[in-house]
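Chemist: Below are the structure tokens for one structure; questions will follow.
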Amino acid sequence: MLIHLVARRALGVLLLVALGAGKASAQFDFVGSWAPLATEDVQNDSVPVDYLGLALTDEARTRALSYDESQKSMIERQCAGWGAAYMVLGPFGLRVTAQTDPVTNRIVSYTIGAWEDWNEMVIWMDGRPRPSEHALHTQAGFTTGRWEGGALSGRTTHVKAGFIRKTGVPLTDNATIDWRIFRHGDILTVLMVATDPVYLVEPEVVSKNFRLSRTPLDYRAGCVTGYEGWQPGDPVPHYSPDKNPFADEFVKLYHLPREAVLGYPETLYPEYRKKIKDTYVPPPPCTESCGAAGNFVLRR
Amino acid sequence: MRALGALTAAIAMLLAALAGGPVARAQQRGGAAARSARDSAPIDLTGYWVSYVTENWRYRMVTPAKGEYRRIPSSPAALPIINAWDPAADERAGNQCKSYGAGGIMSVPGRLHITWQDADTLRIDTDAGMQTRLFHFSPGATSSARSWQGESVAAWEPAPGGGSLRVVTSNLRDGYLRKNGVPYSERATVTEHFDIAPLADEGRLLLVTTIVDDPVYLAGPYVVSPHFKKERDGSKWDPTPCSSTW
């Protein structure tokens, strides 16, 4: 009888192990601290007008050119630049925790912790339905996730209208952001595909790499608004789009084509490179105050 | 005796459950003898793909200023080479393909044509620089001659519903990570992970996470992840020779 009982229990345990083995191989350990690798240029925020790598509608370009950085001092606009997309556009790492169901011990959600102005993002893994289209839109939006082909895939909706770049390139609250998170050894690659029916002609695709950190990254507070000198009712600082004083700064600094700096869609494809090859002249080598990597071309 | 039978049944069920895993299922689809890399591919990489340059635009679509190596962890040994970059000298020496080697080719804007050369060799042709890369899934004869594309050993990393391709390339000629002469040495190793992601309207995106390690000219790994959009056909395929200037 005892042997029979042991055999039955062994059957159960072995089946659980067998079924669990397949599931485990589809997933990776996402929890932990992931330090950013700064070997790709994904921020594009060193000058006020840098829309390189974006496929903007004319309306988006006009709105972006009207943006004045001083808007960030207005209390109702201070958090607009740090939406969900800033996870891959910002300079920070990811600190990921998991929340489990206390009864089943299954993972209910992952939370990517806040960092300075970026608010934490919760990825719901429990199959809950997406809220009504009329539900509250927030800075972080509403994100669901599932394991698919060895990657963690997710979708964010219900974002507040904000920016796809913190230099004022707009994103509507109808935007959708699809995520694919891959882990290869100690490298985590977060792929973002952002679509917006109003401001993007084609999706904005950004992939950012992180390395597993052996020491925990710092937590920071999310975006907290505060008084910075602007009173309610003050006019919104802005430029006339055709008179933005920074429109040509990046163009002149690096000899870049204006249509590329302003985010015209055709500039994202190899044909454009061939189109400009006979007219493009590289900037001269830097001769003073060049920065650590010869990055700063001397202004002439 | 019945207990022994139950234990035997448990083991049999375990084996059956394990046999139903993703690798086994992939093999079953191709038949018992079909265990080649082509037949066991967990993802389909074949077809035409075009660079979608939404990152590193200033370093990829145009040639940056001489001496600029921002974002690349170049070692002190690399700096004299960076500052001495002379594209005309490269052309004269027949080295105009230095920026099209395995360390940098996937970041060069262009198109890829991915096919199976044979059942265990995946082939990537590039129209930019007209290069050919061969990914060998089975160990074969190695060449002692270094080349721009080196020798690549590939392995699938399957997962339920998909997977990834891992490729390690070595035996390279020294080349450039960036068009303006930021170098990697012949001792560099390039590790790449090829992943697929969906796009709207049944589109697909190919993501190539690339890690370049070089004990000579890099102070740390250089990690980039260029991506490509799937194209319907090769109608935009435009072979263009290597150039050291654009």
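The values are calculated or read from the model by the stated rules, or taken from the named source; none is laboratory data. Bear in mind that the values here come from a model prediction, so they are computed numbers and not experimental data. Backbone-built Cβ (ideal geometry, glycine too); neighbour counts: all protein chains shown.
Chemist: Across segment A:116-158, what is the number of residues that are of a type in the set (D, E, K, R) and either within 22 Å of residue A:43 (Cβ to Cβ) or in a strand (DSSP E or B) (or both)? It would help to see each step written out before you state the result.
Modeler: Within segment A:116-158, the subset of a type in the set (D, E, K, R) is A:116-117, A:120, A:126, A:128, A:130, A:133, A:146, A:148, A:155.
Of the ones still in play, those that are also either within 22 Å of residue A:43 (Cβ to Cβ) or in a strand (DSSP E or B) (or both) are A:116-117, A:120, A:146, A:148, A:155.
Summing the residues that are of a type in the set (D, E, K, R) and either within 22 Å of residue A:43 (Cβ to Cβ) or in a strand (DSSP E or B) (or both) in segment A:116-158 gives 6.
Chemist: Answer yes or no: is there a residue in segment A:211-224 that is of a type in the set (Phe, Trp, Tyr) and either within 16 Å of the chain's Cα centre (by Cα) or more than 19 Å from residue A:34 (Cα to Cα) (or both). So that I can check it myself, show each step before the final result.
Modeler: Narrowing segment A:211-224 to residues of a type in the set (Phe, Trp, Tyr): A:219.
Cutting the leftovers down to either within 16 Å of the chain's Cα centre (by Cα) or more than 19 Å from residue A:34 (Cα to Cα) (or both) gives us none.
No, the conditions are met nowhere in segment A:211-224.
Chemist: Does segment B:214-246 hold any residues that are assigned to a loop (DSSP other than H, G, I, E, B), farther than 18 Å from residue B:192 by Cα and among the acidic types (Asp, Glu), and which are they?
Modeler: Matches in segment B:214-246: B:233, B:238.
Chemist: While we're on this one: Among the residues of segment B:167-186, is any within 14 Å of another protein chain (Cβ to nearest Cβ), under 30 Å from residue A:27 (Cβ atoms) and touching a residue at least 40 places away in the same chain (Cβ under 8 Å)?
Modeler: Scanning segment B:167-186 turns up no residue that is within 14 Å of another protein chain (Cβ to nearest Cβ), under 30 Å from residue A:27 (Cβ atoms) and touching a residue at least 40 places away in the same chain (Cβ under 8 Å).
Chemist: So which residues in segment A:34-48 are within 8 Å of another protein chain (Cβ to nearest Cβ), surrounded by 19 or more Cβ atoms within 10 Å (Cβ to Cβ) and of a type in the set (A, V, I, L, M, F, W, C), if there are any at all?
Modeler: Residues satisfying the conditions are A:37, A:42.
Chemist: Okay, next question. Can you find a residue that is in contact (Cβ under 8 Å) with a residue 40 or more places away in the chain, among the basic types (Lys, Arg) and more than 9 Å from chain A (Cβ to nearest Cβ) anywhere in segment B:142-152?
Modeler: Within segment B:142-152, one or more residues are in contact (Cβ under 8 Å) with a residue 40 or more places away in the chain, among the basic types (Lys, Arg) and more than 9 Å from chain A (Cβ to nearest Cβ).
Chemist: Can I ask one more? Being assigned to a loop (DSSP other than H, G, I, E, B), out of contact with any Lys or Arg (no Cβ under 8 Å at 6 or more places or on another chain) and buried (at least 19 other Cβ atoms within 10 Å of the Cβ) is the filter here; which residues of segment A:159-177 pass it?
Modeler: Residues of segment A:159-177 assigned to a loop (DSSP other than H, G, I, E, B): A:160-161, A:166-168, A:172-175.
Next, from what is left, pick out any that are out of contact with any Lys or Arg (no Cβ under 8 Å at 6 or more places or on another chain): A:160-161, A:166-167, A:172, A:174-175.
Across segment A:159-177, the qualifying residues are A:166, A:167, A:175.
Chemist: When you scan segment B:188-197, how many residues do you find that are under 18 Å from residue A:150 (Cβ atoms), more than 8 Å from chain A (Cβ to nearest Cβ) and more than 10 Å from the chain's Cα centre (by Cα)? I'd like the intermediate steps shown before the answer.
Modeler: Applying the first criterion (under 18 Å from residue A:150 (Cβ atoms)) to segment B:188-197 yields B:191-197.
Add one more test, that the residue is more than 8 Å from chain A (Cβ to nearest Cβ), and what stays is B:191-192, B:194.
Cutting the leftovers down to more than 10 Å from the chain's Cα centre (by Cα) gives us none.
Of the residues in segment B:188-197, 0 are under 18 Å from residue A:150 (Cβ atoms), more than 8 Å from chain A (Cβ to nearest Cβ) and more than 10 Å from the chain's Cα centre (by Cα).
Chemist: Quickly run through segment A:74-93 and pick out the residues that are surrounded by fewer than 16 Cβ atoms within 10 Å (Cβ to Cβ) and over 18 Å from residue A:219 (Cα atoms).
Modeler: First, pick out the residues of segment A:74-93 that are surrounded by fewer than 16 Cβ atoms within 10 Å (Cβ to Cβ): A:75-76, A:91.
Correct list: A:75, A:76.
Chemist: For segment A:62-103, how many residues are part of a helix (DSSP H, G or I) and among the polar types (S, T, N, Q)? Full working, then the answer.
Modeler: In the first step, residues of segment A:62-103 are kept if they are part of a helix (DSSP H, G or I); the result is A:62-65, A:69-73, A:86-89.
Subsequent filtering for residues that are among the polar types (S, T, N, Q) retains A:62, A:70-71, A:73.
Total satisfying the criteria: 4.
Chemist: I'm trying to understand the selection: among the residues of segment B:201-238, which are farther than 23 Å from residue A:149 by Cβ and either within 11 Å of chain A (Cβ to nearest Cβ) or among the aromatic types (Phe, Trp, Tyr) (or both)?
Modeler: Selection gives B:212, B:217, B:218, B:220, B:221, B:222, B:236, B:237, B:238.
Chemist: Condition test on residue A:42, is it at pLDDT 90 or above and within 20 Å of the chain's Cα centre (by Cα)? Please lay out each step first, then the result.
Modeler: Numbers: at pLDDT 90 or above: no; within 20 Å of the chain's Cα centre (by Cα): yes.
No.
Chemist: Taking only segment A:191-239 into account, find how many residues are free of Cβ contacts under 8 Å to residues at least 24 places away in the same chain and among the hydroxyl-bearing types (Ser, Thr, Tyr).
Modeler: 1
Chemist: Looking only at segment B:222-243, count every residue that is of a type outside the set (D, E, K, R), surrounded by 17 or more Cβ atoms within 10 Å (Cβ to Cβ) and closer than 25 Å to residue B:197 by Cα and tell me the total.
Modeler: Count: 7.
Chemist: Please specify each residue of segment B:110-135 satisfying the condition of being in a strand (DSSP E or B) and within 14 Å of chain A (Cβ to nearest Cβ). It would help to see each step written out before you state the result.
Modeler: Keep residues of segment B:110-135 that are in a strand (DSSP E or B), which gives B:111-118, B:121-126, B:128, B:132-135.
Of everything in segment B:110-135, those that are in a strand (DSSP E or B) and within 14 Å of chain A (Cβ to nearest Cβ) turn out to be B:111, B:112, B:113, B:126, B:128.
Chemist: Let me ask another. Would you point out the residue of segment A:49-74, among those that are in contact with a Gly (Cβ under 7 Å, 6 or more places away or on another chain) and among the small types (Gly, Ala, Ser), that is nearest to the other protein chains (Cβ to nearest Cβ)? Break it down into steps so the answer makes sense when it comes.
Modeler: Taking segment A:49-74 first, the residues in contact with a Gly (Cβ under 7 Å, 6 or more places away or on another chain) are A:51, A:54-56, A:61, A:64, A:67, A:72-73.
Within this subset, residues satisfying the condition of being among the small types (Gly, Ala, Ser) are A:55, A:64, A:73.
Values: A:55: 8, A:64: 16, A:73: 29 Å.
Within segment A:49-74, the match that is nearest to the other protein chains (Cβ to nearest Cβ) is A:55.
Chemist: Can you pull out the residues in segment A:143-159 that are more than 14 Å from chain B (Cβ to nearest Cβ) and out of contact with any strand residue (DSSP E or B) (no Cβ under 6 Å at 6 or more places or on another chain)?
Modeler: The one that is more than 14 Å from chain B (Cβ to nearest Cβ) and out of contact with any strand residue (DSSP E or B) (no Cβ under 6 Å at 6 or more places or on another chain): A:159.
Chemist: If you scan segment A:181-190, which residues turn out to be in contact (Cβ under 8 Å) with a residue 24 or more places away in the chain and either in contact with a Gly (Cβ under 8 Å, 6 or more places away or on another chain) or at positive phi (or both)? Break it down stepwise before answering.
Modeler: Of all residues in segment A:181-190, those in contact (Cβ under 8 Å) with a residue 24 or more places away in the chain come to A:181-183, A:186-188, A:190.
Of everything in segment A:181-190, those that are in contact (Cβ under 8 Å) with a residue 24 or more places away in the chain and either in contact with a Gly (Cβ under 8 Å, 6 or more places away or on another chain) or at positive phi (or both) turn out to be A:181, A:182.
Chemist: Pull out all pairs, ordered by first then second residue, where Cβ-Cβ is under 7 Å, the residues are six or more apart or on different chains, the first lies in segment A:244-264 and is at positive phi, and the second is modelled with pLDDT of 95 or more and not small (Gly, Ala, Ser).
Modeler: Note: pairs meeting the criteria are A:263/A:51; A:263/A:54; A:263/A:56; A:263/A:61.
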